[in-house]
Structure formats: structure tokens, C-alpha cells
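To start, the structure under review is shown below, and the notes come after it.
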Amino acid sequence: MSSSPTRWPAGAVVTGAGRGLGRQIATMLVERGHHVLVTDVDGAAATETAAALGSLATAMTVDVRDESQVLAARDRIVEVAGRLDVWVNNAGVLVTGPPWEHDEATRRLMLEVNALGTMNGTLAAVGAMRRGSGGGHIINIASLAGITAVPGEGVYSASKHAVMGFSLSTMADLRAAKVKDVHISCICPDGIWTPMLHDKLDDPGAALSFSGKLLQPHEVVTAVGKVLDEPRLVTALPRWRGAVVRFGDLFPALGLALTPFVVRQGERTQRRMRKQQQGRRRLGRG
Ligand SMILES: NC(=O)c1ccc[n+]([C@@H]2O[C@H](COP(=O)([O-])OP(=O)(O)OC[C@H]3O[C@@H](n4cnc5c(N)ncnc54)[C@H](O)[C@@H]3O)[C@@H](O)[C@H]2O)c1
């Protein structure tokens, strides 16, 4: 692991790293001494991020839905850095609204980017980490939506549940196959103030994302750094919200009955933040 004093930080890949959380995770990995392959379906954003990170970063256009592109990213980092140490499956998309309002293409988009993309990345990384010396660490950015129901984000929630089921099952398969030096850690954050939510302050479908503690990206990056030092199967952020949603999962009928109150809390936060944003705009500050 990267925490081991005998191991030097080698190559790392971050998907969806052109902006938002992925960009900040890539920054943290460069600061830890990794050579980072900054990948994104938006090639210009990946190039801009890698340029800002300096000589320890390389950009590559990668659509995580396409296994051949993901495998090419894996081969590229091994070529550039000698070995793959860390792979972060971060790319994600969120389209809100009740599922019956989505067309098939929208359902497919969320499932393919969030779930299939994470599977493609995990399997590419497992291949390289088993072959190479010293194993490695795969970080899968899931969501609290991956461990509980989220009205307004039903398809997204389904895609993140798939991430959790796949990650934990694959870890069990690795251990059953006596592979002890490849780790998978899932991070399940509450809403994070990134471009994914920036345009959703007046979106009722996104209210649940604003109903708890709206995280700043650096708080999630700190949690990723901690699990890099000490692999952990599931990290809910903040921890208390993880406990609350798991309690709700134990009593689904109660969880359903309480949902409207939680939605109203989220709508209040959206309203407050909208007003603050309008105030800042009036003052010409954003
Ligand atoms: N923002 C939140 O509230 C929140 C909460 C919990 C979990 N997450 C998860 O965190 C991760 C990062 O999200 P974010 O908030 O930074 O969102 P974001 O929208 O700011 O960034 C997502 C990035 O993924 C890229 N991407 C989209 N489709 C892709 C594809 N097919 N292939 C490769 N890259 C693709 C985008 O170009 C973008 O750069 C996602 O997995 C998201 O589901 C976000």
C-alpha cells in the first residue's frame, strides 16, 4: 500500500478528473508523490487539470463506459510510471427526477457511467495490480445514495447501489482467491458542493442532496487520503449521516414515512443557498 514505507508512490489513475471532486483527488495524489493519469470524457478539462498539476500529471481522454479506453488508460499509466498503485473510479453523472420521467437513454447513461464505468475501472486495475509487484488500492466513489433510497435520484441511487454490491463482492472474490494485496475502498459521501450540484439549487429532485451536511470537496479528499493510508471497505461521510441512513434501511417503512421531512429540510437549504447566491450576484461577486 501507499502507506508502506518500503513502497514508493507509483502510478495513479483518476477517472472524471477534469473538474469537481476528481480534480481535487488528482491534486492530492500528486501531492503524495504519485504520477497521476488525469482522465475524463471531457478531454479539454483533463488537459487543463493535468497542466495545472505539473510534471507528475498526464492527461488522457477516457470514456469510462468503453472498456477499451479504460484498458488503454491502465496500459498508459504502467508505461509512464512503471507500476499502478492507485485507481480512483470517480467519474459520475446525476440526472434528477422521478424515474418515470427519464427516457431509456438517461437511465442507460447513469447506469453505464456510474456502475459499468466503475466495473471497467476496477477490473482493469485488478488486472494490473495482480500482475504487477506489490498489489494496489482501488477507491470507488459511491454515495450515500448507494446505501439508501433517495427520492428524486432513483436511477442514480440504483447505479450507486450497483457500485457498492460490485465492490464488496469483488473484494470477497479477491480474498477467496488469496489475493491479499489488492484493496477496494468505497467512499459514500452526502451531497458535495461540486459542479454536479451547482445548477441544482432550484431543482426539487435534488433536495435530498442538500438535506444533510453539504460537504466541501476537500472534506471528501481528506477521507480518500485516510483510506489510502488505511484501506476501509466502506466510509460514509459524514459518519453520522451514514448511521442515520443505515438506521432508515433497517426500518424501510419508517424511512419512507420520514422522507417528506428530510426533503423539506433539503428544500430549505436550497432556498437559503439560492438567496445567498442571488445576494452575491447583486454585489457582483459571483
Ligand atoms: N456532488 C455530489 O453531491 C456527490 C455526492 C456523492 C457522490 N458523488 C460522486 O462523486 C463523483 C464525482 O462527482 P462530482 O460531484 O465531482 O461531479 P462533477 O459533475 O463535478 O464531475 C464529474 C466528472 O465526471 C466526468 N464524466 C462524466 N461522464 C463521464 C464518462 N462517461 N467517462 C469519464 N468521465 C466522465 C465529467 O466530465 C466530470 O468531469 C461522482 O461519482 C459522483 O456520483 C457526488
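Just so you know, all these numbers are worked out from the coordinates, no wet-lab data involved. Keep in mind the model is a prediction, meaning the values are calculated, not measured. All Cβ positions, even for glycine, are placed from backbone atoms using ideal geometry, and neighbour counts span all protein chains on display.
If only residues of segment 7-17 that are under 20 Å from Leu71 (Cβ atoms) and either basic (Lys, Arg) or surrounded by 24 or more Cβ atoms within 10 Å (Cβ to Cβ) (or both) are counted, the one that is nearest to the ligand (Cβ to nearest atom) is Gly16. Per the conditions (1) within 11 Å of the ligand (Cβ to nearest atom); (2) closer than 18 Å to Ile141 by Cα, the sole criterion not satisfied by Arg239 is (1).
Mind checking which residues of segment 242-275 are surrounded by 12 or more Cβ atoms within 10 Å (Cβ to Cβ) and over 18 Å from Gly152 (Cα atoms)? Gly242, Val244, Arg246, Phe247, Arg272, Met273, Arg274, listed by residue number. If you go through segment 57-116 and keep only what is assigned to a loop (DSSP other than H, G, I, E, B), of a type in the set (Asp, Glu) and either more than 13 Å from the ligand (Cβ to nearest atom) or surrounded by 21 or more Cβ atoms within 10 Å (Cβ to Cβ) (or both), you end up with just Asp103. Looking at segment 126-144, which of the residues that are assigned to a helix (DSSP H, G or I) and away from the ligand (no atom under 15 Å from the Cβ) is farthest from Ala243 (Cα to Cα)? My answer is Arg131. Apart from one condition, Ala51 fits all of (1) within 16 Å of the ligand (Cβ to nearest atom); (2) under 20 Å from the mean Cα position of the chain (by Cα); (3) not acidic (Asp, Glu); the exception is (2). Considering only helices (runs of 4 or more DSSP H) fully contained in segment 170-264, which possess at least 3 residues that are more than 21 Å from Ala115 (Cβ to Cβ) and more than 15 Å from the chain's Cα centre (by Cα)? It comes to 239-250. Within segment 62-80, residues that are more than 18 Å from Gly11 (Cβ to Cβ) sit with their Cβ atoms under 7 Å from residues that are within 8 Å of the ligand (Cβ to nearest atom), at 6+ positions apart or across chains, in these pairs: Asp63/Val41; Arg65/Glu112; Arg65/Val113; Arg65/Gly117. Applying a threshold of 9 Å to beta carbon distances and a minimum spacing of six or more residues, or different chains, the list of pairs starting in segment 187-209 at a residue that is basic (Lys, Arg) and ending at one that is outside any loop (DSSP other than H, G, I, E, B) and near the ligand (Cβ under 6 Å from one of its atoms) reads Lys200/Ser209. When Asn120 is tested against the conditions (1) surrounded by 21 or more Cβ atoms within 10 Å (Cβ to Cβ); (2) part of a helix (DSSP H, G or I); (3) away from the ligand (no atom under 11 Å from the Cβ), the lone failure is (3).
Candidates are the residues of segment 18-27 that are buried (at least 24 other Cβ atoms within 10 Å of the Cβ) and near the ligand (Cβ under 7 Å from one of its atoms); the one that is farthest from His218 (Cα to Cα) is Gly18.
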